[in-house]
Structure formats: structure tokens, C-alpha cells
1. Give the range 265-293 a look and list any residue that's touching a strand residue (DSSP E or B) at 6+ places or on another chain (Cβ under 9 Å) and either part of a strand (DSSP E or B) or open to solvent by less than 80 Å² (accessible area, probe 1.4 Å) (or both), or say none.
2. Please enumerate the residues belonging to the range 140-150 that are surrounded by 15 or more Cβ atoms within 10 Å (Cβ to Cβ) and closer than 15 Å to Leu197 by Cβ.
3. Taking into account only those residues within the range 229-249 that are under 22 Å from the mean Cα position of the chain (by Cα) and among the aliphatic types (A, V, I, L, M), which is farthest from Thr162 (Cα to Cα)?
4. Looking only at residues that are among the aliphatic types (A, V, I, L, M) and assigned to a helix (DSSP H, G or I) in the range 45-61, which one is modelled with the highest pLDDT?
5. Kindly provide the set of residues from the range 171-212 that are more than 14 Å from Gly160 (Cβ to Cβ) and either touching a Cys at 6+ places or on another chain (Cβ under 6 Å) or outside any helix (DSSP H, G or I) (or both), ordered by number.
6. Exactly one of these conditions fails for Ser90: (1) open to solvent by 10 Å² or more (accessible area, probe 1.4 Å); (2) more than 20 Å from His196 (Cβ to Cβ); (3) touching a residue at least 40 places away in the same chain (Cβ under 8 Å); (4) of a type outside the set (D, E, K, R). Give me its number.
7. Just give me the residues in the range 131-170 being hydroxyl-bearing (Ser, Thr, Tyr) and over 20 Å from Thr79 (Cα atoms), in sequence order.
Amino acid sequence: MVSPVATLPMVSLELLPSLEKKINIAVTEKEIPSALLSPPMNNAAQEFAEKHQKRTLALFSLEGRVVVITGGARGIGLTLGQGLITSGASLAIVDIDVEESKRQAANLNALFKERNPDDTSMVKITAHFSNVSDPESVNAAIAEIIAEHGKIDNLVTSAGFTQNFDAVNYNVDAMRRLWRVNVDGTYLFATAVARHLMERHSTGSMVLIGSISGNIINVPQPQTPYNVSKAAVKHMASSLAVEWAQLGIRVNCLSPGYTVTALTEKILAEKPELSNTWITMTPMKRLGKPEDLVGAVAFLLSDASEYVTGTDLKVDGGYT
């Protein structure tokens, strides 16, 4: 059976870590042109806003699901969110920059209604604040999302950041901040959503965003604390998957390869020789795009992957 599926544009907004303002990292909004923070939609992207009649397995649909995505106001997180809405899910955008979250939620709601005026099962898109490394902030966000949506079915943990410094020169406080966001933030949201699913006696699926850096040692740039954090996320997904398997709560890890974002563009602008190294080591001979991750995440959240849990799915052009 062919079912019309409402779609939204897949806009490749550049990745900016969603962090507390006080975290001193190498990339700040002042260092990146505003055009990279929220670039305008192009004509090609607008085409994705139309309904389509393409045949696909109903198992891939996310209709009726509520998906929480952390770090969802910009970059990879926002692109993933747009794809999940296209698959029929309602979306709770969680970010430390709540104003940007609200702006993106309003834009997506307005665009969905404009492009799908006759749709009677409108998706709901909401914005929420959370400092992912703070348990009280995480619990408050979860409670707010449940109050607005009535439930949570799925989680995508996209909040995170990286820094490239020699290990012997890496500030200990900076290292701990990175681990709090990348590791603690992932754990806190995963366990909070799991508790909610257990209280509802409901099944669910989570995708923890890892990295190829959790599987290999990146060269030539030094980034040991980041690599360690993503290795932790990968093993966290496997461990939680086993722990919650009999409850029907699936947990998988998605590990992107080198992906074109505002952060990687800034790094390449400073060290252009890295581009040749990364591309040469990637069998598909190109860097990834945020859109390359959308299908994999939709698959892992949907019933199409009902027997898939504890897996690390690499989307890296063959790099690993």
C-alpha cells in the first residue's frame, strides 16, 4: 500500500556544539559567520517540503512517535530532526540555546503547515532547554516534554563537541567539561527516557551519536579526550542494550565519519592539508554530509530495526 508521507526540507545547517556559554572551547559564534549558523534554504532543499507518494515499507514510518533529540537546534541534530519529522514523528528539540530551539521549532511548525495544509495528523514540534550534563536540568526537560507531548518513544543524543589538543597540554578542567557533555549528558538522557518507558511499560528505541573516533585513532590531529568520550558512548550503547533488551528498549550507536560542518570547515580553513588526508583515507573519496545520517537514524528508531540492538552503525564512507 502506498501512503502519502508529509515531508520537510533537509537543510544542512552547520554543526555548532550546544554548550553552556561558560565552556571555553575553540569555536564560538563570534568566530563563525552568521550565515553558517542559520544559512537560508535553497531551492533544492525546498523540494523536500512537498508530500511524496514513493513506495516504502510501512515499518520505516515513525508516525505517532515522539522523538527527543538533544543538541537539536543546529547542525547535525537539526538535520536529523527534520528527517524524523519527514518520517512522521513529533519532535522535542532539546538544546542549551533555548531561544534557537524555539526559533527552529517555530520555523519547522510553520513550514510543515504551509507545505501540508490538508494533513489531519499534524506533527507537533516543541523546544526545550537542558544542560545535558546536569541531572536536575535533564529531569526537568523530560518532565516538560512529557507534559507537552504526553509521552516519549525515542531518543537521539546529538549534543556533544570536540577539541584538538596534545594530551599532555590538555587542560584537566576542559577535559572534564568535554566528558560531562559527551558522556554524562548521553547517559543522563538515556536513563531518564528509559525510566519513563519502564513506567509506561512501553517499548522504545534510542540512538546514541558516537563517532568513528570511538573505533579508530584519528590522524594526524590529536584528540584523545574526545576519542575516549566517543568510545564510552559506543560501549554505553552496547551495555544499555543488553540491560534493557528484555524490556523491549533498544539502544544503538551511530558513528559518523568525517562530516562537513561549521566546525570541520573552520579546522580545514586553519589546516587545509587535513582535507586531503581525510579524503584520501576515505574509500568513497569525499567527506560526509549531515543528510547522510538521516536514513540510518530513521531506520534505527523505526520498527524496521526491531531486532537490532547494541549495534554500532558506522556511516563513514568506508573509512573504518
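1. Thr282, Leu287, Gly288, Pro290, Asp292, Leu293
2. Within the range 140-150, Ile142, Ile145, Ile146, His149 meet the criteria.
3. The qualifying residue farthest from Thr162 (Cα to Cα) is Ile249.
4. Leu59
5. Asn171, His201, Ser202, Thr203, Gly204, Ser205, Met206
6. Looking at each condition in turn, Ser90 falls short on (2).
7. Matches in the range 131-170: Ser133, Ser137, Tyr170.
This table checks each residue for (1) open to solvent by less than 20 Å² (accessible area, probe 1.4 Å); (2) under 18 Å from the mean Cα position of the chain (by Cα); (3) small (Gly, Ala, Ser).
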residue: Asp95; (1), (2), (3): yes, yes, no
residue: Val98; (1), (2), (3): no, yes, no
residue: Ala106; (1), (2), (3): no, no, yes
residue: Asp184; (1), (2), (3): no, yes, no
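The values are calculated or read from the model by the stated rules, or taken from the named source; none is laboratory data. These numbers come from a predicted model, not from an experiment. Every residue, glycine among them, receives a Cβ derived from its backbone with ideal geometry; neighbour counts consider all protein chains shown. Note: accessible area is taken over every heavy atom of the protein model, side chains too, but ligands, DNA and RNA are not part of it. Shrake-Rupley method; radii C 1.70, N 1.55, O 1.52, S 1.80 Å.
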